[in-house]
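Engineer: Can you keep this structure in mind? I'll have questions shortly.
The values are calculated or read from the model by the stated rules, or taken from the named source; none is laboratory data. As the structure is a computational prediction, the values presented were derived from the model and not from experiment. Don't worry about glycine lacking a Cβ; one is built from the backbone with ideal geometry, like all the others, and counts go over all protein chains shown. Areas reflect the complete protein model, heavy atoms only, side chains present, ligands, DNA and RNA absent. Shrake-Rupley method; radii C 1.70, N 1.55, O 1.52, S 1.80 Å.
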Amino acid sequence: MNIPQNKAIIGTLGERTLHSELKKMLAPDESTHEIRVGRYVADIFDGTRIIEIQTRAFNKLRGKLSYFINEKNLPVTVVFPVAYTKYLNWVDPLSAEVRSRRKSPKKGKVYDIFPELYKITPLLSLPKLSIQIIFADIEEFRLADGWSSDGKKGSTRIERLPTAFHDELTLTISQPEDYLALVPFDLPEHFTLKDFAAASSLSYNKSSCALNVLCQVGVCEKIGKIGRSNLYSVK
């Protein structure tokens, strides 16, 4: 994919390219896109199932998912894209030209979804709800308008462009045991929040969200304490 180099091109991207490209990949028939189902509009609806693409803020989906599943009795798949590899493009706020590009040292992981799943924890037990994690290579464009001297800290994200989707890395969670794929394989038999954070490379706060989710769906359970820390095991 060609990388935008000027203001005219960047100005036409519209901040929803990743969302749009995922819709085309998941449902090439565009007549199934943006379909009203009752009081909500589904990203994709083919008459039998709904697909919702959400890059963040799962809390905004709570009412919609509950309505589609509980009131309309429709199966719903929530698609969450994760940046497997990401290149950061820094855009000059005056000229709107890309002034630098570098590869991000961070590589996306399945565990990145936990803070979002935590926001819809009460819905995760619904049998008609599936979660699909899709890995993509991303070109991210950020306006260098932040408060630091180089404009990078506190910068504004302009757009994310997918350059490739990795089918072999796609993970679909449709029943409780599928959540085992979100448990780090090298955890000890009995583990603490600190152990989970080390194994997943998540922060303590995100690891706390993860364990809350895994306990809610019945994959993990609290089995006691070690000192002041809760002790967990995989059920």
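Engineer: Straight-line reach from Lys152: which aspartates and glutamates fall under 14 Å, measuring Cα to Cα and dropping same-chain residues less than 8 apart?
Structural biologist: Leaving aside aspartates and glutamates fewer than 8 places away in the same chain, those within reach of Lys152 are Asp92, Glu140.
Engineer: Okay, moving on. Could you please report the charge total around Phe68, scoring K, R as +1 and D, E as -1 over all other residues with beta-carbon less than 15 angstrom from its beta-carbon?
Structural biologist: Surrounding charge for Phe68 is +3.
Engineer: Cα-Cα over 32 Å: which of Lys72/Lys106; Lys60/Lys86; Lys128/Lys235; Lys24/Lys64?
Structural biologist: Lys72/Lys106
Engineer: On the Cα set of the chain, report Rg and Dmax in Å, please.
Structural biologist: Just the Cα atoms of the chain yield Rg and Dmax of 19.8, 59 Å.
Engineer: Given a 1.4 Å probe, how much area per residue of the chain is accessible, in Å²?
Structural biologist: Dividing the accessible area of the chain by its residue count gives 53 Å².
Engineer: Averaged across orientations, what area in nm² does the convex hull of the alpha carbons in the stretch 123-166 project?
Structural biologist: Result: a mean projected hull area of 5.1 nm².
Engineer: Something else: Taking the Cα centroid of the stretch 112-165 and of the stretch 61-89, what is the distance between the two, rounded to the nearest whole Å?
Structural biologist: Comparing the Cα centres of the stretch 112-165 and the stretch 61-89, I get a distance of 12 Å.
Engineer: Quick check: convex hull over the Cα atoms of the stretch 91-142, volume per residue in Å³, rounded to an integer?
Structural biologist: 125 Å³
Engineer: Run the reach check for Lys109 against aspartates and glutamates, Cα to Cα strictly under 13 Å, same-chain hits fewer than 8 apart removed. What comes back?
Structural biologist: Leaving aside aspartates and glutamates fewer than 8 places away in the same chain, those within reach of Lys109 are Asp137.
Engineer: Where does each of 159-165, 80-86 land if you order them by average Cβ count within 10 Å, highest first?
Structural biologist: Taking the mean over residues of other Cβ atoms within 10 Å, the ranking is 80-86, 159-165.
Engineer: So, one more: Where nothing but the Cβ of Lys and Arg (+1) and of Asp and Glu (-1) is charged, how large is the charge dipole of the stretch 1-151 around its Cα centre, in debye to the nearest 20?
Structural biologist: In debye, rounded to 20, the stretch 1-151 gives about 400.
Engineer: Dividing the convex hull volume of the Cα atoms of the stretch 82-185 by its residue count, what figure in Å³ per residue is obtained?
Structural biologist: 134 Å³
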